[in-house]
Amino acid sequence: MKCLLYIAGDVNNYNPVRYIINGREEFTFIAAHALSQVLNPDRVVALLPDSLIVEEGNSVNVDNLVKAYRDLLRKRASKLQSQLSEDKQKGLEEFIQKMEVRYIPNIGVGSATLSRNGEVVVNEDGKNGGGVVKKPYKREGNPTFVFNVIYSVFKELESDDCDEFLVDLTHGTNVLVSITLSVGSLFNSSFFSAPVIGNPGTQEVRVLDLTEVVKATKDSLMISSSIEKLDERYFKDYSSSLRGLNPNTFNGDEVYVIKNIKGADPGKVINLLRDIRNGFSVNAMRDIEDVNENIESIKQDVDKLRSFFSEWYKHQTLDVREIVLSNFYSTFKVERITSNMEDDITSLMKLLKLYIDASMYDKAFSLARELPVAFCMKLRGGGTFDAEDNKYEKCDNLVTSYFNSYHSEVLKYRNVLMHGGLSIDLKVNVSPDGKLSISKENQIRLGRLEEESKKLENYEEEIMNEIKNVGESGNESKNK
């Protein structure tokens with residue numbers, strides 16, 4: 001079910017405009033009415049701000065306020081009767097009757113239309129052209145409160161089978177437009193706005209679809225989150241959009257820059273995040289090399305592109321939807337992973353910290369267990385992680401012995417995480433009817449998982465120093 005939502009505005013001074021939507025023209029004084037005629041939603045819902053209409057005596061009777069808003073629309077339609085055809089007037093009345101209204105709070109200072117018993121109050125003495133009576137409005141408050149109210153409206157409609165929202169942001173205060181845009185982006189929404197500036201007369205205005213702007217914002221946030229959480233499944237691959245660019249349609253220095261950014265391959269970053277998430281640490285080290293090979297040149301091109309947008313009036317051929325600057329700069333956040341890398345062993349220590357920061361405890365404990373073995377083998381001239389390799393066997397025994405003696409929790413947590421919680425270290429009990437349970441003592445141990453993970457870096461430094469000491473003295477571990 002398609003549901004059109006719009007922010008109700010003060011129509012007292014609205015005039016008819018030729019709205020162009022999807023190539024179709026609608027002559028009316030309300031953008032939401034034009035959208036309703038073209039997009040044919042199943043439901044129309046007006047968000048009525050408390051700043052638009054207030055009751056006489058400052059009481060709040062929502063039913064009367066809703067009636068007064070309908071009355072306000074009808075009064076304006078009546079004043080514009082000479083400009084609107086009979087069919088258009090009939091369509092407006094059908095729109096008003098079909099329209100549902102949700103009363104919402106606003107924040108700010110201004111003037112509201114006064115109402116009495118469900119009708120707007122008009123100057124009877126003819127002053128101000130017999131216009132509606134205004135009353136000062138002021139509300140202070142937390143924008144989160146407004147967010148929650150508007151979110152509840154969307155959620156209620158979603159529960160009533162609205163699975164597609166058409167959101168008109170043409171009118172409304174800056175607070176309400178910003179919050180409605182934010183809320184709507186959390187649902188399956190398309191966004192529209194008629195860029196009417198001042199009084200345009202009766203000239204045409206093309207209604208803009210703002211959905212792609214919201215998508216660009218969400219994509220860039222997803223890319224940033226993907227890198228922060230070390231999970232490529234959040235990453236929005238924008239390479240297909242870039243491939244659609246034709247450098248020959250641009251001018252001057254733009255041509256060279258566009259050719260270069262077309263070759264920007266976020267797939268290298270995606271591969272890196274995938275290998276990190278899966279715990280393929282050796283592959284991740286090679287992925288880092290691939291990313292670092294071309295990231296600097298891409299950054300220079302994107303910085304140049306940004307400078308073009310800063311002087312947009314000289315570069316209006318860049319007015320294309322395929323280029324989203326924030327996608328590039330979000331991708332560059334991968335440098336938190338790839339920068340300042342040294343040899344692989346040292347780099348894996350940095351990866352360990354990234355795992356801890358991303359709360360990927362299974363990967364953190366596994367890497368913490370095996371990394372000292374690699375360090376030990378490096379000091380002994382290298383070798384292979386293979387049971388037949390004598391150096392590996394000695395190093396593995398040394399590391400296991402040290403952890404058992406000083407930090408046995410590391411091995412236990414690793415086993416618990418690797419076995420999906422079905423571990424002898426937790427002494428999981430299985431009842432005859434298949435119910436699983438863990439003792440209170442072991443539940444407390446699980447609760448210390450995050451706290452214990454933050455100690456891993458110190459443990460690694462400690463055990464590596466011990467491995468160095470053993471190597472220098474030629475003795476076996478002090479724990480044997």
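The values are calculated or read from the model by the stated rules, or taken from the named source; none is laboratory data. On a predicted model such as this, the values are computed, not experimentally measured, just so you know. Heads up, the Cβs are rebuilt from the backbone with ideal geometry, glycines too, and the neighbour counts pull from every protein chain shown. Side chains included, ligands, DNA and RNA excluded: accessible areas come from the protein's heavy atoms. Shrake-Rupley method; radii C 1.70, N 1.55, O 1.52, S 1.80 Å.
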**OP:** Pull up the stretch 251-278, narrow it to residues that are part of a loop (DSSP other than H, G, I, E, B) and either at pLDDT below 95 or not assigned by the TED database to the domain that holds residue 331 (or both), then point me to the one that is farthest from residue 322 (Cα to Cα).
**Re:** 252
Subject >> Filtered residues of the stretch 387-420 (kept if surrounded by fewer than 13 Cβ atoms within 10 Å (Cβ to Cβ) and small (Gly, Ala, Ser)) >> reply: 387, 405, 408, 420
**OP:** Report those helices (runs of 4 or more DSSP H) wholly inside the stretch 334-386 carrying at least 3 residues which are surrounded by 16 or more Cβ atoms within 10 Å (Cβ to Cβ) and out of contact with any Asp or Glu (no Cβ under 8 Å at 6 or more places or on another chain).
**Re:** 344-357, 361-379
Original post:
Exactly one of (1) over 25 Å from residue 37 (Cα atoms); (2) open to solvent by less than 20 Å² (accessible area, probe 1.4 Å); (3) without any contact (Cβ under 8 Å) to a residue 40 or more places away in the chain; (4) of a type outside the set (D, E, K, R) is unmet by residue 151. Its number?
Top reply: (2)
Original post:
Is it the case that residue 159 is open to solvent by 70 Å² or more (accessible area, probe 1.4 Å) and of a type in the set (S, T, N, Q)?
Top reply: yes
Original post:
Which one is surrounded by the most Cβ atoms within 10 Å (Cβ to Cβ), of the residues in the stretch 308-325 that are part of a helix (DSSP H, G or I) and under 26 Å from the mean Cα position of the chain (by Cα)?
Top reply: 318
Original post:
Could we say that residue 155 is in contact with a strand residue (DSSP E or B) (Cβ under 8 Å, 6 or more places away or on another chain) and charged (D, E, K, R) here?
Top reply: no
**OP:** Answer with yes or no whether residue 92 is more than 14 Å from residue 133 (Cβ to Cβ), buried (at least 18 other Cβ atoms within 10 Å of the Cβ) and touching a Phe, Trp or Tyr at 6+ places or on another chain (Cβ under 9 Å).
**Re:** yes
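Matching residues to (1) assigned to a helix (DSSP H, G or I); (2) under 35 Å from the mean Cα position of the chain (by Cα); (3) not β-branched (Val, Ile, Thr):
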{"position": "65", "(1), (2), (3)": "yes, no, yes"}
{"position": "71", "(1), (2), (3)": "yes, no, yes"}
{"position": "82", "(1), (2), (3)": "no, no, yes"}
{"position": "102", "(1), (2), (3)": "no, yes, yes"}
**OP:** Can you tell me which residue within the stretch 210-230, out of those that are touching a residue at least 60 places away in the same chain (Cβ under 8 Å) and either of a type in the set (Lys, Arg) or not in a helix (DSSP H, G or I) (or both), is least open to solvent (accessible area, probe 1.4 Å)?
**Re:** 230
Original post:
residue 60 versus (1) of a type in the set (A, V, I, L, M); (2) under 34 Å from the mean Cα position of the chain (by Cα); (3) open to solvent by 50 Å² or more (accessible area, probe 1.4 Å): which is the lone unmet condition?
Top reply: (2)
Original post:
Given the residues 117, 106, 142, which is the only one that is touching a Lys or Arg at 6+ places or on another chain (Cβ under 9 Å), open to solvent by 80 Å² or more (accessible area, probe 1.4 Å) and in the same structural domain as residue 177 (by the TED database)?
Top reply: 117
